[in-house]
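Here's the structure we're looking at; comments come further down.
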Amino acid sequence: MTAHPELLRLRDSIDNIDAALIHLLAERFKCTQAVGVYKAEHDLPPADPSREAAQIARLRALAADAKLDPDFAEKFLAFVVKEVIRHHESLRAAKG
């Protein structure tokens, strides 16, 4: 069955957005990797609960403004932050 042209157009848009998200996440992780190196070099803890709380509040507000479910945005951020902390812990362990 051949997809309708409008459906194909919408799917192409989704594919482009997904590609942009992957590239943005890659850039974000490059930055957080540098933060992890800095923290390891300066003997700082991998996690920063006060920063994480501020980020959650900020992203929930951004999500609400963008008409995106703030709970979803928070879950997404929690997933990303968990991975960042894992990287930071690895960098700290490698230093020690």
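Which net charge results when you count Lys and Arg as +1 and Asp and Glu as -1 among the other residues whose beta-carbon is under 12 Å from that of Asp12? Before the final figure, lay out each step's value.
On the way: positive: Arg9, Arg11; negative: Glu6, Asp15, Asp18.
Value of the local net charge: -1.
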For this session: Report, in debye and to the nearest 20, how large the dipole of the chain comes out about its Cα centre when Lys and Arg carry +1 and Asp and Glu carry -1 on their Cβ.
Result: 220 debye
Exercise. Kirkwood hydrodynamic radius for the chain: how many Å is it when counted over pairs of different Cα atoms?
Worked result: 15.6 Å
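Since every read-out is calculated from the coordinates, none of them should be taken as a lab result. Since the structure is predicted, the reported quantities are computational estimates derived from the model, not experimental observations. Virtual Cβ from ideal backbone geometry, glycine too; neighbours counted across all protein chains shown.
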